[in-house]
1. Inspect all residues belonging to the stretch 196-206 and state whether any of them is surrounded by fewer than 18 Cβ atoms within 10 Å (Cβ to Cβ) and under 20 Å from the mean Cα position of the chain (by Cα).
2. Taking helices (runs of 4 or more DSSP H) that do not extend beyond the stretch 10-125, which have at least 1 residues that are open to solvent by less than 60 Å² (accessible area, probe 1.4 Å) and among the hydrophobic types (A, V, I, L, M, F, W, C)?
3. Quick check on A297: is it within 16 Å of the ligand (Cβ to nearest atom), crowded, with 24+ Cβ neighbours inside 10 Å and modelled with pLDDT of 95 or more?
4. Taking the stretch 318-332 on its own, how many of its residues are part of a loop (DSSP other than H, G, I, E, B), at pLDDT below 95 and aliphatic (A, V, I, L, M)?
5. Quick one: M361 ticks every box in (1) within 16 Å of the ligand (Cβ to nearest atom); (2) at pLDDT below 95 except a single one, so which number is it?
6. Answer yes or no as to whether H320 is more than 13 Å from the ligand (Cβ to nearest atom), surrounded by fewer than 24 Cβ atoms within 10 Å (Cβ to Cβ) and either closer than 13 Å to C292 by Cα or hydroxyl-bearing (S, T, Y) (or both).
7. Mind telling me which of the residues F303, F366 ends up being more than 15 Å from the ligand (Cβ to nearest atom), on the phi < 0 side of the Ramachandran plot and touching a Leu at 6+ places or on another chain (Cβ under 6 Å)?
8. May I ask you to say which residue of W135, W156, W163, W144 is in contact with a Phe, Trp or Tyr (Cβ under 7 Å, 6 or more places away or on another chain) and either of a type outside the set (D, E) or part of a helix (DSSP H, G or I) (or both)?
Amino acid sequence: MKSLREIYRIGKGPSSSHTMGPQKAAQAYLAKHPEAKSFRVTLYGSLAATGKGHMTDVAIEDVLSPIAPVEIVWKPSEFLAFHPNAMKFETDKGDPWTVYSVGGGAISEGPNPTGLMPVSGDIYDLTSLKDIQNWCDTHGRAYWEYVDKCEDPSIWDYLQEVWETMQAAVERGIDREGVLPGPLNLQRKASTYYIKAKGYKQSLQTRGLVYAYALAVSEENASGGIIVTAPTCGASGVIPAVLYHLSRGHNFSDQKILHALATAGLIGNVVKENASISGADVGCQGEVGVACAMASAAACQLFGGSPSQIEYAAEMGLEHHLGMTCDPICGLVQIPCIERNAFAATRALDSNLYASFSDGMHRVHFDHVVEVMMQTGHDIPSLYKETSEGGLAKGSGYFFSPEEM
Ligand code: SF4
């Protein structure tokens, strides 16, 4: 498995697969062709189906158009075999380069690597949570200590930067009002949720504040603000909501929060290694479901959970999202994505509580749920995997347009 830096990427929303990944690919192609007179970029499958709403064209043009004119070709019904998010770059002289945006902002050249996209090496020797858990039990260590053993020491400075970026996104998001970009004219809600939550007694306030924090980051993401993929842009509100809430409510030190982030990152890394964190590949279970598993583990770690209790919390966070489809209306990372982050954040707190009441013993291991998630994701028809053609995105008489409200 690779560094946690690959899971937590700091950048602009709204989509790690559709903006961060393609932008990175465009930069690599431009570095090879700085003298090009024109560029043509063909977007295939899910990348083309929801690319307009996710601003994929803008992300690519931002990089290439200062150098030469760019033609974007959309082929939403053509899926390449390696991954549903595919793109091909060409110049006026040819030199086609096909790459895939495989989730969380990562780019892969697929089965025919050319070396144009540098591949970072594996630094974790164990790749299943069961093996990592055994290591923890054998050595009397915590999950974050396994991260510490495998990464170089600068990971802690990086996680501090991640934590500061997450907090800044929460604070910007709860302060901003107005409407989000795009044809849905969706109003930001974090600010009102925050104010209303403050007026309630503590039992309800907790839930209201967690909603507000998750909405804040997800709304920042939807408006192209700077956020951290955790593990993706679409699911970027879950972990900050849980950690921001716990750090304020329980006075956890930054060091404890960084340890929790390391534990959460390890959970995300195991899923990325053994399954997928791409909505186009496995549906939203791989994005918001995985974010919930990561946040559940982080919360359980903060409250002193044992390795098996933390694994149990993560397992429940993912298990109860199995089968969740990806069907964003108009291809925007807004409905259902934003609310979904708020619900996953509170579910993560519930998973922690449930695991904390247990002794950690349970029947279904996290690794098995990861396997099931991958299989379920591949069995789900592609209509429900970031094409914006099925589910909520299909529209019906029950969807209220802004004019009708
Ligand atoms: S529905 Fe889920 S997977 Fe799909 S774009 Fe929204 S957050 Fe991402």
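The values are calculated or read from the model by the stated rules, or taken from the named source; none is laboratory data. Fair warning: this is a prediction, and the values are worked out from it, not measured in the lab. Quick reminder, even Gly has a Cβ in these numbers, built from the backbone with ideal geometry, and neighbours come from all protein chains shown. These area figures cover heavy atoms from the full protein model, side chains too; ligands, DNA and RNA do not enter into them. Shrake-Rupley method; radii C 1.70, N 1.55, O 1.52, S 1.80 Å.
1. Within the stretch 196-206 (the criterion being surrounded by fewer than 18 Cβ atoms within 10 Å (Cβ to Cβ) and under 20 Å from the mean Cα position of the chain (by Cα)), the answer is no, since none of the residues qualifies.
2. 21-32, 45-49, 56-64
3. No: the conditions fail for A297.
4. 1
5. Result: M361 passes all but (1).
6. Here the answer is yes, as H320 does meet what is asked.
7. Only one candidate qualifies: F366.
8. So the residue among W135, W156, W163, W144 that is in contact with a Phe, Trp or Tyr (Cβ under 7 Å, 6 or more places away or on another chain) and either of a type outside the set (D, E) or part of a helix (DSSP H, G or I) (or both) is W135.
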